[in-house]
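Here the structure is laid out as structure tokens; the discussion comes afterwards.
The values are calculated or read from the model by the stated rules, or taken from the named source; none is laboratory data. Computed from a predicted model, the values in this text were never measured in an experiment. Quick reminder, even Gly has a Cβ in these numbers, built from the backbone with ideal geometry, and neighbours come from all protein chains shown. Calculation scope for accessible area: heavy atoms of the full protein, side chains included, ligands and nucleic acids excluded. Shrake-Rupley method; radii C 1.70, N 1.55, O 1.52, S 1.80 Å.
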Amino acid sequence: MNNLTLALDSAWKVLLIGILIGAGLPAIFAFGIRSMAYGTGGDAEVHATGSAGPRPHPAGRIGAAACFGVVLLGVALGITFIVATGFGKELSFEHVYPTLVSKD
Amino acid sequence: MILTLVVITALGFDFTNGFHDTANAMATSIATGALRPKVAVLLSAVLNLVGAFLSIEVALTVTNAVVNIQNSDGTPKPELLADGGTALLVIVLAGVIGGILWNLLTWLLGLPSSSSHALFGGIIGATVAGLGWSGVKWTGDGSKLDGVLGKVVLPALISPVVAGVVAAVGTWIIYKITIGVAARFTDNGFRWGQIGSASLVSLAHGTNDAQKTMGVITLALIASGEWTNTSDIPIWVRVSCALAIALGTYLGGWRIIRTLGKGLVEIAPPQGFAAESAAATVILTSSHLGFALSTTQVATGSILGSGVGRPGAQVRWAVAGRMVAAWMITLPAAALAGAFMWLVADLIGGVAGAVVVFALLLVAAGFMYQISRRTPIDHNNVNDEWQPAPAPASLSKEHA
């Protein structure tokens with residue numbers, strides 16, 4: 001029975017982090033896409049056929065860049081994690097921002 | 001002699017592991033056209049190669065999760081070393097062969113089953129045949145997730161569900177957010193996201209899975225006295241394992257890619273992106289927590305989830321059901337194959353026995369390859385329209 005409690009204990013953590021990062025980052029990416037469409041205007045956005053579509057909004061591009069930046073940061077963390085684990089280190093979020101520590 | 005066979009067989013397993021698992025990372029990118037099929041497998045192969053070199057941790061104790069043939073420091077149990085390690089080598093050889101056979105059979109049927117479970121299953125079967133039921137570690141000592149139950153059964157039940165939920169939530173949110181954006185515009189954007197997330201899955205796969213074969217080969221080397229250091233792996237083992245898994249990945253298990261990419265769900269780029277992001281996150285988080293899981297099951301769960309999360313999407317539950325059935329019998333089936341191989345090797349005995357089981361492997365592999373040629377699936381037809389339940393008659397239509 002011990003295995004079951006241990007497994008469920010890990011499972012809910014994986015689920016929680018999974019939804020936060022695994023669904024959260026894609027959501028931010030989606031906001032980036034939407035913002036980019038808003039910035040591009042015209043055919044990037046759904047509009048009535050025959051009309052030229054909304055005009056571009058430069059602010060949208062800035063918002064998109066910010067979103068994509070956050071996502072890239074997340075991916076960079078992911079790669080760091082894979083590499084660090086391979087070299088016997090792990091990412092620690094003790095200080096809020098991630099730091100590399102030796103695995104004990 | 002037996003050692004050579006073990007090394008070749010283990011590399012062969014690594015190779016099947018590569019092409020069996022290409023689909024996990026790349027099926028969605030291929031299905032949505034984010035990457036051309038050949039480019040996708042090349043990218044995945046390179047990342048697997050890099051991944052295999054990235055890890056300096058030694059997975060020497062890989063078999064400790066499920067069987068008792070090694071001490072906790074990775075050295076083989078002394079009682080198995082009586083005759084130059086032959087007892088242990090034959091168990092490992094028979095076990096790995098069991099794993100390969102199951103991998104080939106599921107590949108032939110286009111079913112994404114777990115390569116790690118096939119390897120564990122084969123080794124469990126060979127151990128039971130060779131040492132009896134007490135040789136198997138069923139539950140561990142209770143202090144951490146261990147044994148067949150903790151390392152194989154429970155993660156297999158839990159991880160696809162977790163990955164599926166994450167992917168479903170991600171897909172649902174993405175579609176909500178991008179309402180009002182033209183479909184062509186979102187598709188182009190999400191294809192880039194897909195490539196990124198699929199690359200992460202490939203990299204993680206390389207670091208995890210190549211390790212297992214390296215561990216098995218090093219164990220065989222120690223058993224036969226060719227290597228003594230339990231905290232390092234010979235460089236040639238590392239290089240050859242990395243190359244074997246990368247080559248396998250590049251060959252591409254097109255049959256499995258097709259099932260995962262086209263069979264389960266008709267995948268659009270936002271779904272593919274959500275699925276691979278969920279898979280990457282679940283794999284990385286789990287390995288961080290020491291929760292051993294199968295990349296294959298996580299990827300499959302994610303793709304299913306991306307179908308559930310998209311309003312109006314069609315999920316082929318019959319295909320999903322076949323996969324789940326394959327997962328459930330992976331361990332016992334590979335175990336039976338492993339046990340059978342051990343019995344054959346033991347009956348004949350010594351080097352001759354090992355040679356015979358190796359020959360059996362070659363014959364079975366060649367046979368399955370021949371059958372696969374009758375209904376070839378490769379990079380040309382991998383994305384063809386999915387036919388519900390392929391007619392069995394098509395199998396015997398022409399001879400290879």
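Data table
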| quantity | calculated |
| --- | --- |
| Protein accessible area in the range A:2-73, 1.4 Å probe - carbon and sulfur % | 74 percent |
| A:A59-B:A313 FRET efficiency (beta carbon distance; Förster radius 45 Å; 0.05 resolution) | 0.85 |
| Relative contact order, percent, chain B [alpha-carbon distance under 8 Å, six or more residues apart] | 33 percent |
| Net charge of Cβ neighbours under 12 Å - reference B:L108; Lys, Arg +1; Asp, Glu -1 | +3 |
| Stokes-Einstein diffusion coefficient of the protein assembly as shown, Kirkwood radius over Cα pairs, 25 °C, 0.890 mPa s, in µm²/s | 105 µm²/s |
| Per-peptide average of other Cβ atoms within 10 Å, ordering A:53-60, B:4-11, B:241-248 highest first | B:241-248, B:4-11, A:53-60 |
| Contact surface B-A: accessible area buried, both sides summed, square angstrom, 1.4 angstrom probe | 3700 Å² |
| The range A:8-54, accessible area per residue, ligands and nucleic acids excluded (1.4 Å, Å²) | 50 Å² |
| Average other protein chain Cβ within 10 Å of Cβ, residues B:174-186 | 6 |
| For chain B, alpha-carbon Rg and Dmax in angstrom | 20.8, 72 |
| All-pairs Cα distance distribution in the range A:2-73, expressed in whole percent, bin size 10 Å | 20, 29, 21, 15, 10, 4, 1 |
| Accessible area (Å², per residue) of the range B:301-379, counting only protein heavy atoms and a probe of 1.4 Å | 50 Å² |
| Ordering of B:101-111, B:312-322, B:87-97 by burial proxy (mean other Cβ atoms within 10 Å per residue, highest first) | B:87-97, B:101-111, B:312-322 |
| Rg/Rg_globular for the range B:1-158, with Rg_globular taken as 2.2 N^0.38 Å and Rg from C-alpha atoms | 1.15 |
| At least 27 Å along the helix axis (C-alpha) and Kyte average at least 0.0, DSSP helices within chain B | B:2-31, B:86-108, B:154-177, B:183-223, B:269-289, B:317-348, B:350-374 |
| Cα-based shape type of the range B:137-219, given that a ≥ b ≥ c are square roots of the gyration tensor eigenvalues and the cut on a/c is 1.5 | oblate |
| Per-residue average of Cβ from other chains inside 10 Å of A:41-48 | 3 |
| Acute angle (nearest 10 degrees) that the helix A:24-40 long axis makes with the longest principal axis of chain A, alpha-carbon atoms | 20 degrees |
| Carbon and sulfur %, accessible surface of chain B computed with the full protein complex present, 1.4 Å | 67 percent |
| Cα-Cα over 23 Å, subset of B:K144/B:K212; A:K13/B:K212; B:K38/B:K212; B:K151/B:K212; B:K77/B:K151; A:K13/A:K89 | A:K13/B:K212; B:K38/B:K212 |
| Pairwise FRET efficiency - B:M1 versus B:N229, Cβ, R0 = 22 Å, nearest 0.05 | 0.40 |
| Highest-first arrangement of B:199-206, B:45-52, where packing means the average Cβ count within 10 Å | B:199-206, B:45-52 |
| Averaged over A:62-71, number of beta-carbon atoms from partner chains that fall within 10 Å | 1 |
| Extension gain, B:D384 back to B:D73 (0.36 nm per residue minus Cα-Cα distance, nm) | 107.0 nm |
| Distance (nanometres) between label positions extended 7 Å along Cα→Cβ at B:R36 and A:V70 | 3.6 nm |
| Amide proton proximity set for A:E45, modelled H, under 5 Å, gap of 5+ | B:A182 |
| The range A:2-73: relative contact order as a whole-number percent, Cα under 8 Å and 6+ apart | 32 percent |
| 0 to 90° range, to nearest 10: angle between helix A:58-86 axis and chain A longest Cα axis | 20 degrees |
| For the range B:208-254 and the range A:1-18, distance of Cα centres in Å | 31 Å |
| The range B:343-373 versus the range B:133-187: alpha-carbon centroid distance in Å | 36 Å |
| Electrostatic dipole magnitude of the protein assembly as shown [Cβ: Lys, Arg +1; Asp, Glu -1; Cα centre; debye, to 20] | 1240 debye |
